[in-house]
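The next block holds one structure in the form of C-alpha cells; read it before the comments.
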Amino acid sequence: MSRLHFLLGAAAAALAACGPGIAPRPEDASRIQFRALDAMNTLRSARGLVPLELNSQLIAAAATHSRDMARQQRPWAFGSDGSSPIERVQRSGYPGRFRGMVISETFEDELETINAWMIDPDDRRILLDSEARDMGIAGFREPNGKLWWTLITGARSPAPFA
C-alpha cells in the first residue's frame, strides 16, 4: 500500500467516526464543510502544508456553482451565464486570489469525493497547493441522490502597508 493510500484511508477512517457520509441538506451543510476541512487538513499536514480555513465567500461561490452544474446537468468549470471560476469568486466578495477549483458529479459523499480528487494528479495539485489558505466546499443533491460537488481554494491578499 502506498503512503498516499494509507493517508487517505487513515483520514477517511478517522473522520468516519464522526458519522456516516450524508447527502448535503441545508441543515447538514456546516457538518459536511467541517468534515471536508478536517480531511483536507489531514492530507495537507502529512505533507507539511499549512492548514486551510473555511471561508464563507468561497463556500457561497462553491454552492452557487454546484447548483448551476446540476441545472446544466454537466460537470464543468463554467457557469450557465458563461462565468469563470475566477469571476464567481470575485462576485462572492472574496478579497483574496482564486487558487483553484475541483468539481464532481457523483453519488459519493464529501470524503469519498475528496479521496477521488486526490487520485487525479491535476485535482491533487489544486488540493495540495502550498499557496492556498482558504477553502469553500458545497454540494447540491438532486432528488435522485446524485451529488454535485465544488471545492474552491483561495489565497488571502497581503495586507496593505499601514
Can you name every residue in the range 102-122 that is open to solvent by 30 Å² or more (accessible area, probe 1.4 Å), in contact with a Lys or Arg (Cβ under 8 Å, 6 or more places away or on another chain) and part of a strand (DSSP E or B)? E105
Going through R67, R99, R74, R125 one at a time, which residue ends up being open to solvent by 70 Å² or more (accessible area, probe 1.4 Å), within 19 Å of I32 (Cα to Cα) and among the basic types (K, R)? R67
May I ask you to list pairs of residues, at least six apart or on different chains, whose Cβ atoms are under 6 Å apart, with the first in the range 92-107 being polar (S, T, N, Q) and the second being in a strand (DSSP E or B)? S104/W149; T106/L147
Number of the exception - G48 against (1) closer than 22 Å to D38 by Cα; (2) surrounded by 13 or more Cβ atoms within 10 Å (Cβ to Cβ); (3) of a type outside the set (A, V, I, L, M, F, W, C): (2)
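Residues are listed down the side, and each one gets a yes or a no for (1) modelled with pLDDT of 95 or more; (2) over 17 Å from I152 (Cβ atoms):
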| position | (1), (2) |
| --- | --- |
| A60 | yes, no |
| H65 | yes, no |
| Q72 | no, yes |
| R99 | yes, no |
| I103 | yes, no |
| F107 | no, yes |
| E110 | no, no |
| T113 | yes, no |
Can you say whether A60 is touching a Gly at 6+ places or on another chain (Cβ under 8 Å), surrounded by 18 or more Cβ atoms within 10 Å (Cβ to Cβ) and closer than 19 Å to Q33 by Cα, as far as the supplied structure shows? yes
Counting just the residues of the range 133-162 that are among the hydrophobic types (A, V, I, L, M, F, W, C) and more than 21 Å from A29 (Cβ to Cβ), which one comes out most open to solvent (accessible area, probe 1.4 Å)? F161
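The values are calculated or read from the model by the stated rules, or taken from the named source; none is laboratory data. The model shown is predicted, which means the values in this text are computed figures rather than measured ones. Neighbour counts run over all protein chains shown; Cβ positions are idealised from the backbone, glycine included. Keep in mind that these areas ignore ligands, DNA and RNA; they rest on the heavy atoms of the full protein, side chains included. Shrake-Rupley method; radii C 1.70, N 1.55, O 1.52, S 1.80 Å.
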